[in-house]
Structures are given as structure tokens and as C-alpha cells.
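The values are calculated or read from the model by the stated rules, or taken from the named source; none is laboratory data. In this text, all values refer to a predicted model and were calculated from it rather than measured experimentally. Positions of Cβ are backbone-derived with ideal geometry, glycine not excepted, and every protein chain shown enters the neighbour counts. For the accessible areas, the whole protein counts, side chains as well, though only heavy atoms, and no ligand, DNA or RNA atoms are used. Shrake-Rupley method; radii C 1.70, N 1.55, O 1.52, S 1.80 Å.
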Amino acid sequence: MISRKKFLKIGVLSGLLPLSKWSGGSSISHPKGRKPVVLSTWNFGKQANKAAWNVLASNGSALDAVEAGARVPEGNPDIRTVGYGGRPDRDGFVTLDACIMDHNDQCGSVAALQHIKHPISVARKVKEESPHVMLVGEGALDFAVSQGFEKENLLTEESRKDWEEWKKDAEYEPEINIENHDTIGMIALDSAGNVSGACTTSGTAWKMHGRVGDSPLIGSGLFVDNEVGAAAATGLGEEIIRVSGSHLVVENMRRGDSPEMACKRAVERIVSKNDSVEGIQVGFIAVNKEGAYGGYSMQEGFSFAVRNSEEDRLIKAQSWNR
Ligand code: GLY
């Protein structure tokens, strides 16, 4: 049995991002929005936003934009928490989780998918080419192959070496830390006024084989409601699932919260469920129908990238535990 304390053990928060790239702390201060706009989690979100922006700026749909954006970190082997090059589970398997949701409440999802570099595109195919919302494991792989996706080895030499190192003194127990949680969640509002979102990850490094986090779960890692806006999550999936985090953020906005306040209240809900927040990092991002946006996290160190016609920057989110 894995002790919860051990399971929640985190590494240091420092060193994730060069401070010089940060735009300073955001406050609950983005009352006015503009469209189109795209937001995504963490520092690699800037590159992903660029790909999404190319779609949005030519009047493309938010759905096409978030798929294009999410594919960027998925295909980059240097990003060790998403897609190709992602760190494996404790048995050495790279298993990927992803979901996508559009302005018509249509969604698709894959979990524990192996051998396919772009799970976000498989998730979109689940949405559009299957009668289901979610496919997992072997079934998801069979479906992907039937849709023309190529089977590949996703375990890069660097990730294999990390895994070998981890095994030396890990006692075969999964370990949660901030570095292992850099899921990309991406949400966008297009010039037609529609919202969509995508979320994709390799999950926590060294997880138990078969573990699935929040990222492929509609309502947890991602939620979209075209009457209100969209939200996405990053961080410790087990905690995000317990409160249906992204759905909670969207419902907070429906009741009148600004995007940042909506994220803050979702973080506070998670705080209220725990005796201690030591070792727990979660972050949320949100956008509303006006194009106003925000983010908030449990611990310091979370940043998100935003791009609209005025801004292209990385924002250090306010955090609960500062
Ligand atoms: N948020 C990613 C995961 O927990 O798998």
C-alpha cells in the first residue's frame, strides 16, 4: 500500500521558469476581454498559443485552434510531461491522457493511450467519428490505428534514462512532484464568439500502470460551456477530480465570478477538502465569453500564457499559498 504522505511528496518549486520572462503577478484585474483569445498552462503554453493564434487570427474556429496548439508540446520530446518524450509510468510504459470539448457540448477523450504521438487528435476523432465520449487503453489504441494514426515508440532515450535512475531508489512507489505535473490545458474564444478547449498530458511520472488523472476527464481537466466560457486544470489530478475542478470554475463564472475569482474559489474548495495543502499543487485557467481571462493556483510557481490581439505573454498566477 502506498502511503498518502509518500504519494503526495513534492519536489522543489523553484527553477521552473526564468523569472525574467514573467510579466509579474496577475491580480483579479482583467474585467475587459477581447476576442479572439487563447490561454494555456505553463511556460510551454506560449509556443502552443502561437500555433493556436495562427488559426484564430485567420478567423478559424476555437476548436481547430486548441487542437493545433495542444499538438505542439505533444510533439516536442523536450517537454517531458506531455506526449512524445513524456515520462513513463513505473513499469516503463508511456501512457497518455487527453480530451477536447467544443462549443456544442461535444467532447472526446482518450486515457492510458500508448504509442500515439498526438492523443489530442485521437480525442477529437473519438468526438467526431465514434458514438462515444471516451476510449481507454487497448481500445483507444485500436481506434486510433483504425483512424490512420501511426504507432510509434514514445519512450525517448532521455525519459528511459530518467526512469532507470528513478527505479534505483524509488522502492517502486509513484511520486508526485511539481515538475511532473506540467499538463497543457488550452482554452480559446474565437472571433465568432465560440469557446473550445483541449487538455493533454503524459500524467504523473512513475504513476501506477493504469492510473488516469484529471486531464482526460470532461469536467475535471477541462470544461466548456458556450453560454459561459471555458476552464482547464493542471496539477495533482487526484485532487482536481475530487471537486470536478474545471466544471466548478465554469459554474463559478456562471454565477458571476470573474475568471480569476472563479479559479480562486475552485482552489479554495480543494483547500477545504484537505487538512494540509503541503505537497499539493493545482492550477486553473479560465476564459469567459467576453474574452476576459484569469488563472490561479494552490502554490506559487504556476504560470499561464495568453495571446490575443494586444498581448502575447506569460503571466505568473496569483496563488493561495504565498
Ligand atoms: N494533471 C495531470 C495528472 O494528474 O495526470
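With respect to (1) at pLDDT 95 or above; (2) assigned to a loop (DSSP other than H, G, I, E, B), the lone exception for residue 224 is condition (2). Residues of the stretch 32-91 that are polar (S, T, N, Q) and touching a strand residue (DSSP E or B) at 6+ places or on another chain (Cβ under 9 Å): 40, 41, 43, 47, 49, 61, 81.
Per-residue answers, yes or no, for (1) over 22 Å from residue 111 (Cα atoms); (2) of a type in the set (Ser, Thr, Tyr); (3) near the ligand (Cβ under 10 Å from one of its atoms):
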{"residue": "151", "(1), (2), (3)": "no, no, no"}
{"residue": "171", "(1), (2), (3)": "yes, no, no"}
{"residue": "185", "(1), (2), (3)": "no, no, yes"}
{"residue": "199", "(1), (2), (3)": "no, no, yes"}
{"residue": "203", "(1), (2), (3)": "no, no, yes"}
{"residue": "212", "(1), (2), (3)": "no, no, yes"}
{"residue": "225", "(1), (2), (3)": "yes, no, no"}
{"residue": "231", "(1), (2), (3)": "no, no, no"}
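For the stretch 106-126, the set of residues classified as touching a residue at least 24 places away in the same chain (Cβ under 8 Å) and surrounded by fewer than 19 Cβ atoms within 10 Å (Cβ to Cβ) consists of 115 only.
Selection of the stretch 56-86 for residues being open to solvent by 10 Å² or more (accessible area, probe 1.4 Å), in a loop (DSSP other than H, G, I, E, B) and more than 16 Å from residue 234 (Cα to Cα) yields 57, 58, 59, 60, 61, 75, 76, 77, 78, 84. Checking the conditions here, which among 272, 244, 220 is touching a residue at least 24 places away in the same chain (Cβ under 8 Å) and over 11 Å from the mean Cα position of the chain (by Cα)? Exactly one residue qualifies, and that residue is 244. Do the conditions hold for residue 277, that is, is it surrounded by fewer than 20 Cβ atoms within 10 Å (Cβ to Cβ), part of a helix (DSSP H, G or I), touching a residue at least 40 places away in the same chain (Cβ under 8 Å) and more than 14 Å from the ligand (Cβ to nearest atom)? Spelling it out, it is not the case that residue 277 is surrounded by fewer than 20 Cβ atoms within 10 Å (Cβ to Cβ), part of a helix (DSSP H, G or I), touching a residue at least 40 places away in the same chain (Cβ under 8 Å) and more than 14 Å from the ligand (Cβ to nearest atom).
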